[in-house]
Amino acid sequence: FATHVSYEKDCSSITPPYEKLLQNLENVRKYLNRPLTLAEKILYSHVVDPDSSFSGSGRIRGDAYLQLHPERVAMQDASAQMALLQFMSASLVQCAVPTSIHCDHLIQAFDGADSDLKRSVVTNQEVFDFLQSAAQKYGIEFWRPGSGIIHQIVLENYAAPGMLMLGTDSHTPNAGGLGMLAIGVGGADAVDAMTGTPWELKAPNIIGVHLTGKLSGWTTPKDLILHLAGKLTVRGGTGSILEYFGPGVASQSCTGLATIANMGAEVGATTSTFPYSSNMRDYLKATGRSAVADAADKAAIQGFLIADKGAEYDEVIEINLSDLEPTINGPFTPDLATPVSQFGKFIQEQGWQDEISAGLIGSCTNSSYEDMTSVADLAKQAKAVGLTTKVPFLCTPGSEQIRATMERDNVISTLEGVGALVLANACGPCIGQWNRTDKKGEDNAILTSFNRNFKSRNDGNSKTMNFLASPTIVTAMAFSGKLSFNPLTDSITLPSGDMFKFTPPSGQDLPTNGFTVGDKSYYPAPTPVPQPEVEVVIKKNSQRLEALEPFRSHFSDADQDLELPIMKVLLRVRGKCTTDHISAAGPWLKYKGHLTNISENLLITATNDEGGEMNVAFDRDTNTSGTIPEIAKRFRDREQPWALIVDDNYGEGSAREHAALQPRFYGCAMILARSFARIHETNLKKQGILPLWLVDKDDYSRIGSGDTLETIGLSDVFADKPGSCIVVKVTKRDGTVFEIPTKHTMSLDQLKWLKAGSALNHIRSTKI
Ligand code: MIC
Ligand code: SF4
């Protein structure tokens, strides 16, 4: 249908340099004489020096380290603080690439958009002042509190087919909905791009996801990714890009593709992308970027925005969209997938209560116009028979543009008419900023259309079972109040005794009357000019912000002994340990810019495998125990370097670099894992912690707290001796000694960070 274009943006700084990228790609093709996948084309065309990266004879995917030039950086208010504190210590006058800051994570959800926003601005004033002054000084686009969630704003304003972007948040891949590569990283990686230092990435493998068939009825793009998460598990995408292809792509709306790409983070994928489609073009036009659409059309004709014929994937997953049904994932992990038709039985088998205590829709994952109009369709059907939602029903629009368009098109009034509470355009309950007053400490179940459902995430209550579903399933369930309700087959009994059954929801992917931008004051100037005279505001004695002291190198004489100092094991962590376990969010979000204060939460929800208790560590030197931060601090005060022994997929979840900064701050030098999550492993390296993989996963249980660890062979790795590897010598408390083999993934550049004490120390030494 025709979409009214309500405005047109200045696209000069947001159109990818297609001609240059195509030229680079020609250069790359000289070396790689084979058809390339779409993701390879985008990635390799951003390599700084194709001659040195591709001229060798080795494998690229899964092996080669690529030095890349991303075109843009986006940061949210929680992670931007550390990123900027690090950027500032590089002493540059401006950012090397266009960069934006988005105030979204720090906004609380108490009683509704207006008052929540006002209150949050007051309580976080000093942080927002800091971010805004840094933005002015370095020429960064600053999106004020209330403007919306980073990923929604990026999709609406900055994303473009074929672009390479970094964001300091794990759901940055959301922008892949526009056929680009958007990668979630820690702040220190963003600083690479912001300082013009090539950003390094091990070339990912490419998993092809072949889509056939068509979604229909209640099944949405969210169900596709919930289903895929069940298949791949939270580790299945590690080290890989998910590249979707096949006839099923073209029928998806651009925002639907963004939902799928968003949750690629939940399976550990580096990012997700899709071939350029007419729906992407329509979305670009509807969001005021016709110039980008025209340029992308041309680049597509030149073959840039699709895979080459015959391109090979490392693995292909087949999904027939016609076979999918709505899916509900959880609780406590995003990969426990149950089709809605089986869900009632699943709940019964587990012996869980059948009651829902709240329904939450929106967030960066699911707040498109299509999502909101589909939900409004259900609300209208329910209203017509006199129903309101049975449980609190909260809605967080993804941006001011979405909110204002919803308001103009009566979507908000429709939702409010059935009992919804519309919250500020921000992360809110998705990141534990939900001031929930009921169910404290009680067993209960909530349904959300968000992307992540680790324990305690939304309301701080570890007994809240949190299930993920599409916005329409969440809504239908909120009307029924029961987990066992299947809206495809079941009816709700009305007070009159009549039965009411929803007809499948229908939404509209783009508004017929165009988007309305809403409050224009939220928009920053398109290319702000750096103002070096501006002073970055850090209040004296602030409890929220603290300048960063460089970490000391582990090596006292860097030219002599390049083994790590002798370490004690602080703790062996049991099972799932996400970045939420390592550095909790919720009330701690306020200390994101203050390393000393936030470090008080180190691993407080991690389980000690020796004894099975949460937040307990043993100090074997004094035969005492304490909380994990207490004992870690003791080690630091004794100047005793320490190590952690951890389980599979350590550091799963977010891009939160605090999860690496905090242990380093207390003196951690090495982490031995059964396996690591990608972003977190890089974050550790950046901050000067050596991540090592256990070759034999059973060695995990042979090492315990108080044991002494020494590296053997690290100096050979530094010297790049062929075949070198790192062995860890373990001395048990009873004096028994044995050695265990490990694997490392350090590139030569990353070794320089370890030697210098952190990547930033290294950058600083090269920029001076
Ligand atoms: C999340 O969804 O977990 C967050 C909060 O957005 C994090 C970022 C952070 O902790 O700063 C993420 O996904 O990276
Ligand atoms: Fe915000 Fe939640 Fe999206 Fe993270 S996942 S960016 S907390 S809305």
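The values are calculated or read from the model by the stated rules, or taken from the named source; none is laboratory data. All of these numbers come straight from a predicted model, not from anything done at the bench. So basically every Cβ, Gly included, is an ideal-geometry build from the backbone, and we count neighbours across all protein chains shown.
A single entry from 425, 410 fulfils the requirement of being crowded, with 24+ Cβ neighbours inside 10 Å, polar (S, T, N, Q) and either within 30 Å of residue 524 (Cβ to Cβ) or in contact with a Lys or Arg (Cβ under 9 Å, 6 or more places away or on another chain) (or both): 425. How about segment 53-99: which of its residues are of a type in the set (Ser, Thr, Tyr) and buried (at least 24 other Cβ atoms within 10 Å of the Cβ)? Hits for segment 53-99 are 79, 99. Applying the criterion of at least 1 residues that are over 18 Å from residue 448 (Cα atoms) to the strands (runs of 3 or more DSSP E) found wholly in segment 266-354 leaves 271-273, 315-320.
Return yes or no: is residue 210 assigned to a strand (DSSP E or B) and at pLDDT 95 or above? Answer is yes for this residue. For residue 223, the test of being more than 24 Å from the chain's Cα centre (by Cα), acidic (Asp, Glu) and part of a helix (DSSP H, G or I) is failed. Can you spot a residue in segment 54-73 that is small (Gly, Ala, Ser), under 22 Å from the mean Cα position of the chain (by Cα) and not in a helix (DSSP H, G or I)? So far as segment 54-73 goes, yes, one or more of its residues are small (Gly, Ala, Ser), under 22 Å from the mean Cα position of the chain (by Cα) and not in a helix (DSSP H, G or I). Mind checking whether some residue in segment 682-698 is under 21 Å from residue 334 (Cα atoms), within 27 Å of the chain's Cα centre (by Cα) and more than 16 Å from ligand 1 (Cβ to nearest atom)? No, segment 682-698 has no match at all. The residue of segment 129-152 that is farthest from residue 426 (Cα to Cα), among those that are within 16 Å of ligand 2 (Cβ to nearest atom) and among the polar types (S, T, N, Q), is 152.
Scanning segment 457-489 for residues that are aromatic (Phe, Trp, Tyr) and over 19 Å from residue 376 (Cα atoms), we see that the one that is farthest from the chain's Cα centre (by Cα) is 485. Scanning segment 222-237 for residues that are away from ligand 2 (no atom under 16 Å from the Cβ) and modelled with pLDDT of 95 or more turns up 223, 224, 227, 228, 230, 231, 232, 233, 236, 237.
Looking across segment 97-128, the residues that are more than 16 Å from ligand 2 (Cβ to nearest atom), farther than 23 Å from residue 395 by Cα and polar (S, T, N, Q) come down to 99, 125. State yes or no: is residue 13 part of a loop (DSSP other than H, G, I, E, B) and hydroxyl-bearing (Ser, Thr, Tyr)? Yes: the conditions hold for residue 13.
If I filter segment 427-439 for residues that are in contact (Cβ under 8 Å) with a residue 24 or more places away in the chain, touching a Gly at 6+ places or on another chain (Cβ under 6 Å) and within 16 Å of ligand 1 (Cβ to nearest atom), do I get at least one hit? Yes, because at least one residue in segment 427-439 is in contact (Cβ under 8 Å) with a residue 24 or more places away in the chain, touching a Gly at 6+ places or on another chain (Cβ under 6 Å) and within 16 Å of ligand 1 (Cβ to nearest atom). Scan segment 157-175 for residues that are closer than 21 Å to residue 659 by Cβ and either of a type in the set (Lys, Arg) or away from ligand 2 (no atom under 14 Å from the Cβ) (or both) and the total you get is 1.
With respect to the numbered conditions (1) within 16 Å of ligand 1 (Cβ to nearest atom); (2) part of a strand (DSSP E or B), which one is the sole condition not fulfilled by residue 597? Failing condition for residue 597: (2).
Hey, does segment 673-682 have a residue that's part of a helix (DSSP H, G or I), of a type in the set (Asp, Glu) and touching a His at 6+ places or on another chain (Cβ under 9 Å)? No, because not a single residue in segment 673-682 is part of a helix (DSSP H, G or I), of a type in the set (Asp, Glu) and touching a His at 6+ places or on another chain (Cβ under 9 Å).
Output the residues belonging to segment 703-748 that are charged (D, E, K, R), over 33 Å from the mean Cα position of the chain (by Cα) and not in a loop (DSSP other than H, G, I, E, B). Even if it seems obvious, please write down each step before you answer.
Let us first name the residues in segment 703-748 that are charged (D, E, K, R), namely 707, 710, 716, 720-721, 729, 732-734, 739, 743.
Pick out the ones that are also over 33 Å from the mean Cα position of the chain (by Cα) and you get 707, 710, 716, 720-721, 729, 732-734, 739.
710, 716, 729, 739, listed by residue number.
Of all the numbered requirements in (1) more than 16 Å from ligand 1 (Cβ to nearest atom); (2) closer than 30 Å to residue 263 by Cα, residue 721 misses one, and that requirement is (2). Is it the case that residue 376 is crowded, with 24+ Cβ neighbours inside 10 Å, modelled with pLDDT of 95 or more, in a loop (DSSP other than H, G, I, E, B) and touching a helix residue (DSSP H, G or I) at 6+ places or on another chain (Cβ under 8 Å)? The answer is no for residue 376. Please work out if residue 689 is touching a Cys at 6+ places or on another chain (Cβ under 6 Å) and at pLDDT 95 or above. Criteria met by residue 689. In segment 161-176, the residues that are within 14 Å of ligand 1 (Cβ to nearest atom) reach residues that are aromatic (Phe, Trp, Tyr) and modelled with pLDDT of 95 or more with C-beta atoms within less than 7 angstrom, at least six apart or across chains, in these pairs: 166/199. Looking at (1) crowded, with 24+ Cβ neighbours inside 10 Å; (2) modelled with pLDDT of 95 or more, find the lone condition where residue 188 falls short. Failed condition: (2).
Sub-9 Å Cβ pairs linking a first residue in segment 571-591 that is assigned to a strand (DSSP E or B) to a second residue that is within 13 Å of ligand 2 (Cβ to nearest atom) and among the charged types (D, E, K, R), at least 6 apart or interchain, are 578/452; 583/656, ordered by first then second residue.
Going by the conditions given, is residue 178 within 16 Å of ligand 2 (Cβ to nearest atom) and out of contact with any Leu (no Cβ under 6 Å at 6 or more places or on another chain)? When the stated conditions are applied, residue 178 does not pass them.
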